[in-house]
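Asker: Below is a structure I'd like to ask you about.
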Amino acid sequence: MNTHHLIASLATILVASLGTLAAGEPALPEVFQAGKLAELGAAITQAVSEAKIVGAVLWVEREGVAHHRAFGQRALKPEVEAMTEDTIFDVASITKAVATASAAMRCVERGLLNVDDPVSKHLAEFTGEGREKITIKHLLLHSSGLQVNLNGTRPPFSHSPAEAYAQACREKPLFEPGSAFSYSSVGSLVLGLVIQRVTGQGLDAFCRTEIFEPLKMRDTLFRPAGEALRRVAPSSAPERGQVDDTVAREMGGVAGHASLFTTAPDLARFARMMRNHGELDGVRVFKAETLLLMTSVQSPPGLRSPDAQNLPVRRGLGWDIDTPYRTPPHDYSLARGALFPVGSYGHTGWTGQMLWIDPFSRTFVIFLCNRYGSDGKDTRPEVYRLHYRISTLAAEAVKGFNFKKVPGTPPTNAVTKEPPFTNSLGMKFVPVPGTKVLMCMHETRRADYAAYAATHPDAEASWRDVSMEKIPVGAGDDEPVVNVSWDDAKAFCAWLGSKEGRSYRLPTDREWSIAVGIGEYEPATGATPESLSAKLKGVYPWGRQWPPVKGAGNYAEEDCRKKIQSEKTMQGYADGFAVTSPVMSFPPNELGIHDLGGNVWEWCEDWFNAEQKLHVLRGASWGSSAREPLLSSFRGPQTADRRWRCDGFRCVLEVSAVPADGESAVPK
């Protein structure tokens, strides 16, 4: 080999081992720790040597800097083929997220579907035996009650697409739709049929034109053929290029639950688009608000998995966020690893594949492998453990990011086991983790305050009739009471406690921070509310996105401007209410608490500034539109006697001790 060829070969090896850099982006050593990347490579190399996998392609990327490598072999027979980075893999259930869920949400954006539509609206044959209760959202969240696999309880038979769809539409839900989580390929298969019906196209054609071609994912396809077959990693399918999943294969190679083939570079383009809020290289594939629905927790509080000791589950629309496994030790989302926070998301596939995306550190990890060795051994458990190791090392390789303190992430599956407690007024309370209180799920309503005022003729009466430019504010019994001062709120708590023989009060500033999800990012002691106000930037009650997406809460929006000319509003935001809304009109947070952002400012126990006699208000209101007051960390200082059309409160109920698992926190 001459010198020029040697230099060229060394350069090729260097690029392959270090990855590619985008123009103007920081060099690899500034983004990743080389030692951890070496450990990552060693872990995959060891898996090859131990025959857990035949070969693999790894891709780790952050802020435009990519580290990618090929390991081992693509195929062992009829002859040995070295693994290459452009190898095409059957990604199995990653199809559910990248193809089917993506296609469904494109249909939502185009007005062809609504996630709350009953499936039967689009599939007339999907009725009877409780199927009419199943919605598109249930299919995306795996809470439909449909069984795991087609023919899961009967002998298999040869499927044409028509036969498979007909059987899927006859499957009886195993539980009340929406009441539990159970992973279901049948549900994704049905969703694929819905997409076909509403678009008039096959799932493969729709995905190609709406997702893959705009993203220039040129090696992403169903049913690879021709020259592409040479780059396909074999699986257990009878022929190279056929999908491994039996039902998908018998359906002709296109099905919503499995059958997508792709490469690591193509999947990296998809992940880059997801990380960039739906856009890549100037091409918008999804609206930012659509992407938020797909990748933030959309499963209802309390959703649990009967297959995994009834542990709680958190899912996005089509994506895994925090899901327990069926088999011991019930680890949550192994592909997340030990460090990527809850709020990152991804999916895995039966054939050994993994994609995990962390929007907080802006890192994603792709691992595609051939796990089908010549001995026919099923190495899935070992490969899933390898996923955990890969994601852990990838996170450890990220430089300059503290994964232990990531603002805006929900706590690691801390959904409470304590059922809501309902008091004599019908006010519902739930525990706040790590405290000795239950917090009311909603703001104090006019009906609640009316019960107090009826027994206290001397109570300030201005709450009864509040208006803004002749529009009543807080007019309904189930709307939050407004125009109440800190003193008024304290008097209500004292009355309610005396009435029931319990201890009610306003939440402390610290308790309110824990409830809204920022407790672990603020000091527990030694800091005043004034010193903490607005210090945690970029974190809002609805998440980290600005401006808020539709349905984030009741804030000053365009409808408000139309009816109240003097009010400042957020351009482009709509929530459907000009002033206050009935309590619990918007989705609850992870603890089951509603409206910790918006509707009304809420009084807290504490002083904002004791010397100036200013108390704390939290959460903003229906009249709030400025960015800083909408921060989860913002505190509004006011005197105890202020009464205003945007001020209300909620109560907490003190308990004697922090409840242990399985114990009730409510004093008898």
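Asker: For R240 and R627, what is the calculated FRET efficiency with R₀ set at 60 Å and r taken between the beta-carbons, to the nearest 0.05?
Answerer: 0.65
Asker: Using only the alpha carbon atoms of the range 334-382, find the Kirkwood hydrodynamic radius as the inverse mean reciprocal pair distance, in angstroms to one decimal.
Answerer: Taking the inverse mean of 1/r over all distinct Cα pairs, the range 334-382 comes out at 12.0 Å.
Asker: So for the pair V283, F360, with labels modelled 7 Å out along Cα→Cβ, what separation do we get in nm?
Answerer: For V283 paired with F360, the spin-label model returns 3.2 nm.
Asker: Let me check I have the definition right: for the range 39-397, take the eigenvalues of the Cα gyration tensor, multiply each by 5, take square roots. What are those semi-axes in whole Å, largest first? Don't skip to the answer; put the middle values down first.
Answerer: Working: eigenvalues 170, 102, 88 Å².
Rounded to whole Å, the semi-axes are 29, 23, 21.
Asker: Once R0 is set to 51 Å, what does the formula 1/(1 + (r/R0)^6) return for the Cβ-Cβ distance between E654 and A338, expressed as a FRET efficiency to the nearest 0.05?
Answerer: 0.90
Asker: Compute the separation of the alpha-carbon centres of the range 181-215 and the range 219-267 and state it in Å as a whole number.
Answerer: The two parts, judged by their Cα centres, are 16 Å apart.
Asker: When you take every Cα atom in the range 437-592, what is the radius of gyration, and what is Dmax, the widest Cα pair distance, in Å?
Answerer: Final numbers for Rg and Dmax: 17.5, 48 Å.
Asker: If you don't mind, there's one more thing I want to ask. Suppose only helical runs count, i.e. DSSP H with n ≥ 4. What mean residue ellipticity at 222 nm does that imply for the chain under -39500 (n - 2.57) per run, divided by all residues and rounded to the nearest 500 deg cm²/dmol?
Answerer: Value at 222 nm, helices only: -7000 deg cm²/dmol.
Asker: Tell me the relative contact order for the range 39-397 as a rounded percent, counting alpha carbon contacts under 8 Å between residues six or more apart. Before the final figure, lay out each step's value.
Answerer: Working: 757 pairs, mean separation 82.0, N = 359.
Rounded, it is 23 percent for the range 39-397.
Asker: Oh, and also: Please give the FRET efficiency for A640 paired with S503, using the beta carbon to beta carbon distance and R0 = 22 Å, rounded to the nearest 0.05. Working shown, then result.
Answerer: Values: r = 21 Å, r/R0 = 0.94.
About 0.60, to the nearest 0.05.
Asker: Roughly speaking, what is the stretch gain from A454 to N276, that is 0.36 nm per residue apart minus the C-alpha to C-alpha distance, in nm to one decimal?
Answerer: Gain on stretching A454 to N276: 58.6 nm.
Asker: How big is the chain by the Kirkwood estimate over distinct Cα pairs, in Å?
Answerer: Hydrodynamic radius (Kirkwood, Cα pairs) of the chain is 27.0 Å.
Asker: Report the label-to-label distance for A225 and E132 in nanometres (one decimal), using points 7 Å from each Cα along the Cα→Cβ vector.
Answerer: 4.2 nm
Asker: Further question: Between A43 and D375, 0.36 nm times their residue separation minus their Cα-Cα distance comes to what?
Answerer: Numbers: separation 332, 0.36 × 332 = 119.52 nm, distance 2.17 nm.
Full-extension gain reported as 117.4 nm.
FYI, it's all coordinate maths here, none of it is from the lab. All values derive from a computational prediction rather than experimental measurement. Don't worry about glycine lacking a Cβ; one is built from the backbone with ideal geometry, like all the others, and counts go over all protein chains shown.
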